[in-house]
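**Student:** Just dropping this structure here.
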Amino acid sequence: MERVVTTERATAEPLAKTLRDAITRLGRRVRQARPVGDLTFSQLSALTSLQLAGELTPRELADVERVQPPTMTKIVGKLEDRGLVARKAHPTDGRQVILAATEQGKAVYAQYEQDRNQWLAQALDRLSPEERETLAHAAEILQRVARG
């Protein structure tokens, strides 16, 4: 049997596809572990962005979420109606507002994170110690890849 020598690029491309597919599927499963409630994925995503960023203008939030400003206006309105997001005056531009998660919004986010982490921890518990160790190393490597 003839041995085929591959270049680094040729071996990286199949790995890239396999990793991307696995990360996408895992991301979907983790998102499905969110608490059952009346918040949509878009609303939870916007709340998460505000939790991670602290405060954003509606335009900045729309940019982070990659949606059009009118769409973000609707999302923010629903979050405000539920008391999860509050507006305050922009410190330098009177025409703008700043959005931030309320204490209730932070609590909803914390529960969401807890539920997702719990689901993933249960899934990881079904793996062998060696598999978990491999994933711990892979997570470190993926963090480096994500940083660029």
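**Student:** Of all the residues that make up the stretch 92-127, how many are surrounded by fewer than 11 Cβ atoms within 10 Å (Cβ to Cβ), within 26 Å of GLN51 (Cα to Cα) and of a type outside the set (Ser, Thr, Tyr)?
**Tutor:** 6
**Student:** Filter the stretch 50-68 down to the residues that are surrounded by 12 or more Cβ atoms within 10 Å (Cβ to Cβ) and under 23 Å from ASP38 (Cα atoms) and list them by number.
**Tutor:** Result: LEU50, GLN51, PRO58, LEU61, ALA62, VAL64, GLU65, VAL67.
**Student:** Please state which of the following conditions GLU130 fails to meet, knowing it meets all the rest: (1) farther than 23 Å from GLN32 by Cα; (2) surrounded by 12 or more Cβ atoms within 10 Å (Cβ to Cβ); (3) modelled with pLDDT of 95 or more.
**Tutor:** All conditions are met except number (2).
**Student:** For the stretch 94-111, give me each residue that is touching a helix residue (DSSP H, G or I) at 6+ places or on another chain (Cβ under 6 Å) and in a helix (DSSP H, G or I).
**Tutor:** GLY105, TYR109
**Student:** Here are the criteria: (1) free of Cβ contacts under 8 Å to residues at least 24 places away in the same chain; (2) part of a helix (DSSP H, G or I); (3) among the hydrophobic types (A, V, I, L, M, F, W, C). Tell me which single one LEU120 does not satisfy.
**Tutor:** LEU120 satisfies every listed condition except (1).
**Student:** Of the numbered conditions (1) in a helix (DSSP H, G or I); (2) modelled with pLDDT under 95, ASP38 satisfies every one except a single condition; which is it?
**Tutor:** The one condition ASP38 does not meet is (1).
The values are calculated or read from the model by the stated rules, or taken from the named source; none is laboratory data. Note that the structure is predicted; figures quoted are calculated from it, not measured. Here the Cβ is made from the backbone with ideal geometry for all residues, glycine too, and neighbour counts use every protein chain on show.
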